[in-house]
Amino acid sequence: MKKNGFSTGLMYVLLIFLAVGLGVLIFFNFRANQAQKADIEAAEEAAVTTPTPEPTATPAPTAVPLRNADTVTLAFAGDLVGQAGLATDARQEGEDGAAVYDFTEELYGVRGALESADLAACTLVSTLTSAGDYDSYRMPASLAPALREAGFDLVNAASDHIMDRGLEGLVETVNVLGGAELGVVGAYASSSRSFPMASVSGIKVAFLSYTYGTAGTGSEPVSIADNSWCLDLLTTDYMTDKTTVDYARIDTDIATVREAGADIVVCFVYWWDNTQYYTDPRPNQTEVVDHLLASGVDILVGGGVKVPQPIEVRTVERDDGNANCVVCYSLSNLMSCFNDANTNISAVATVQISKDRDDGEIWISGVSTRPLFMLDTDDYEDYSEPGYKYRLLDARSEVESYEQGGGTLSPSACEAVRTGIEDISGLLGEDYDVIRGGAALGYPY
C-alpha cells in the first residue's frame, strides 16, 4: 500500500512542475510577442511620420563660358606657275598696237575665296619682268597688279625658279611685286634682309619662306654664294645633294620673329623635286614639318609638289603652353598649264586666328578649304565660249551656275569640275571642306 501511495504523490508533484514551467514559458513568449508588436507599430508610425527623401538629382554640367574673342582670317592659295601658255592667253593688243598682258580674267575665279580674308597669300613660281620675251618662268610684270586686284596681299617668291635670270631677275621680280603694293617673303632686293610682319586687329603675324634650292634654266642649279642674302634656302648643300636642311638658320629666324613680337609664325616651304606628283607627303617633308612646328612655326604652307597633299591640324606642346598648328603640305597649283592627273585642282585654305578680348590669348580657331579648278577649254569640244584657253574657276560657284541654267560651263566641262571638287576635297581632307563647315578648333588648354 505504501508503495502505491508514494507513486501517486510523485505523479502529482511532476504534474505541478510541468504546469508551472508551461505557464512561465507562455508568459515569456507573450512578453516577446508584445515587444515585437510594439517594435513593428513604432516602425510603422515612423514610416508614416518621416517624409520620404527626394531622389538625388543628376548634377548639372558646369558650363564653360565661350571666349569673348576677335577673329581674323588668313587665306592661302597654291603655286602660280609662270608657264608660257598663261602669258600667251593673257596677251592683248594695246591702243598703239603693242602687246599688253592682262591676267585679270585668268585670276577672276579666286576672288570669291579671298574677298572675306584679312590677308591673302600665294606662291609665285616665276620671275617677273617688264621687257623681253615671255616664256616659262619669265612672266610679264603686269601679273603683279592682277594679283593685287584679285585680292592677294603677300607673295612668296622663294621657289626653285626665282634665280632663272640670275640675281638681276630676282631683284627685278621683288621690285615689281613691291611696286604693286604686294608684300614679298623669301627673296630680297637688297642685303638688308628682313621678314614681313602684318598686324591684323592686334594680332601680329610673321612670314618666313624657304626653297630647297635653285633649279636654274639648265641642268645645273644656280649658286648664290656671292649674294647669300638674296634668297632663303632650305638646304646648305643646294648645289649638290640638296638633303642637309639648314635647321640652325631656320631656328634662328623663328626666334628672331618671335622676339620681334610675332604672335603667329607662318612658314612657306618649297619642297624638293623628288616630292613632285605624290599625293601623300614624303619622309623628308614630314621630318621638316615636325622640326619646324616644334621650333615655333604655327602655319606651314608647302609648294612645288604640283598636286594636292593633305592638310593636318596638330596640337603641339611648347614651353609656354600648347598651340594649334596647321600644315598644308601642298595646295597644288593655283594656276598652271599642267595636264597631269590632279595638277589642275587646288584650293584656297582659310585659317582663322582668334584673340581673347579679356586675357589676350591667341590661338588658331578654324581651318576650311574652298576648291578651285584650272580649266583648259581645249579639252572640251563642246565648250563654246571663245576668248581664252585657260581659266581659273571657283569650282562650286561654276557648277551651281550651270545647274541653275547659267554660267559658261559646257556639260562635259561641268562634269570634270564636279569630279575635281570631289578629288580635291578627298586629297586635302573632307573635314576641312567649307561645304561641311570646316574644322573648328578650341583653345588648346
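The values are calculated or read from the model by the stated rules, or taken from the named source; none is laboratory data. Since this is a predicted model, take the numbers as computed values, not measurements. In this analysis, Cβ positions are derived from the backbone assuming ideal geometry, glycine residues included, and neighbour counts consider all displayed protein chains.
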**Criterion (among the hydroxyl-bearing types (Ser, Thr, Tyr) and either free of Cβ contacts under 8 Å to residues at least 24 places away in the same chain or closer than 25 Å to ILE353 by Cα (or both)) met by exactly one of SER191, SER159, SER228** = SER228
**Request:** Within segment 328-361, track down each residue that is out of contact with any Ser or Thr (no Cβ under 6 Å at 6 or more places or on another chain), surrounded by fewer than 24 Cβ atoms within 10 Å (Cβ to Cβ) and part of a strand (DSSP E or B).
**Result:** LYS355, ASP356
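Got a number for residues in segment 153-199 being β-branched (Val, Ile, Thr) and either surrounded by fewer than 18 Cβ atoms within 10 Å (Cβ to Cβ) or more than 24 Å from the chain's Cα centre (by Cα) (or both)? Can you show your working first?
Within segment 153-199, the subset β-branched (Val, Ile, Thr) is 155, 162, 171, 173-174, 176, 184-185.
Adding the requirement that they be either surrounded by fewer than 18 Cβ atoms within 10 Å (Cβ to Cβ) or more than 24 Å from the chain's Cα centre (by Cα) (or both) leaves 162, 171, 173-174, 176.
Residues meeting the conditions: 5.
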**Request:** Could you tell me whether GLY405 is small (Gly, Ala, Ser) and assigned to a loop (DSSP other than H, G, I, E, B)?
**Result:** yes
**Request:** Only residues in segment 359-374 that are touching a residue at least 60 places away in the same chain (Cβ under 8 Å) count as the first member; pair them with residues that are in a loop (DSSP other than H, G, I, E, B) and among the acidic types (Asp, Glu), Cβ under 6 angstrom, at least 6 apart or cross-chain, and list the lot.
**Result:** ILE362/ASP263
**Message:** part of a helix (DSSP H, G or I) and under 23 Å from the mean Cα position of the chain (by Cα): is that true of ILE435 in this structure?
**Reply:** yes
**Asked** With respect to the numbered conditions (1) in contact with an Asp or Glu (Cβ under 8 Å, 6 or more places away or on another chain); (2) of a type in the set (S, T, N, Q); (3) surrounded by 15 or more Cβ atoms within 10 Å (Cβ to Cβ); (4) over 23 Å from PHE268 (Cβ atoms), which one is the sole condition not fulfilled by SER401?
**Response** (1)
**Asked** What number of residues within segment 90-120 are surrounded by 19 or more Cβ atoms within 10 Å (Cβ to Cβ) and among the acidic types (Asp, Glu)?
**Response** 1
**Prompt:** Can you name the residue in segment 220-250 that is part of a loop (DSSP other than H, G, I, E, B) and of a type in the set (Ser, Thr, Tyr) and, of all such residues, is surrounded by the most Cβ atoms within 10 Å (Cβ to Cβ)?
**Reply:** TYR238
**Asked** What's the number of the condition PRO221 fails, among (1) modelled with pLDDT of 95 or more; (2) farther than 27 Å from ALA75 by Cβ; (3) out of contact with any strand residue (DSSP E or B) (no Cβ under 9 Å at 6 or more places or on another chain)?
**Response** (1)
**Request:** Within segment 213-228, identify whether any single residue is at positive phi, in contact with a helix residue (DSSP H, G or I) (Cβ under 8 Å, 6 or more places away or on another chain) and not polar (S, T, N, Q), and answer yes or no.
**Result:** no
**Message:** If the requirement is being closer than 20 Å to THR123 by Cα and of a type outside the set (S, T, N, Q), which of these qualifies: VAL245, VAL257, VAL266, VAL316?
**Reply:** VAL266
**Message:** LEU375 - would you say it is part of a strand (DSSP E or B) and more than 24 Å from LEU119 (Cβ to Cβ)?
**Reply:** yes
**Message:** Can you go through LEU208, LEU177, LEU170 and tell me which one is in contact with a helix residue (DSSP H, G or I) (Cβ under 7 Å, 6 or more places away or on another chain), under 21 Å from TRP272 (Cβ atoms), among the hydrophobic types (A, V, I, L, M, F, W, C) and assigned to a helix (DSSP H, G or I)?
**Reply:** LEU170
**Asked** Looking at segment 390-413, which of its residues are more than 28 Å from the chain's Cα centre (by Cα) and within 13 Å of THR377 (Cβ to Cβ)?
**Response** TYR390, THR408, LEU409, SER410, SER412, ALA413
**Fill in**
In segment 126-152, anything part of a loop (DSSP other than H, G, I, E, B) and over 23 Å from the mean Cα position of the chain (by Cα) is listed as SER126, SER130, ALA131, GLY132, ASP133, TYR134, SER136, TYR137, ALA141, SER142
**Single unsatisfied condition, ASP394 versus (1) touching a helix residue (DSSP H, G or I) at 6+ places or on another chain (Cβ under 8 Å); (2) under 29 Å from VAL200 (Cα atoms); (3) surrounded by 24 or more Cβ atoms within 10 Å (Cβ to Cβ); (4) not hydroxyl-bearing (Ser, Thr, Tyr)** = (3)
**Item:** Residues located in segment 106-142, provided they are among the charged types (D, E, K, R) and either touching a strand residue (DSSP E or B) at 6+ places or on another chain (Cβ under 7 Å) or within 27 Å of TRP271 (Cβ to Cβ) (or both)
**Value:** GLU106, ASP118, ASP135, ARG138
**Set THR71, THR123: member being of a type in the set (S, T, N, Q), part of a strand (DSSP E or B) and crowded, with 21+ Cβ neighbours inside 10 Å** = THR123
**Message:** Looking at segment 97-116, I want the residues that are farther than 30 Å from VAL72 by Cα and have a partner that is part of a helix (DSSP H, G or I) with Cβ atoms under 9 Å, at least 6 apart or on another chain. Which pairs are those?
**Reply:** VAL100/ALA90; TYR101/ALA87; TYR101/ALA90; TYR101/LEU143; TYR101/ALA146; ASP102/ALA90; ASP102/ALA146
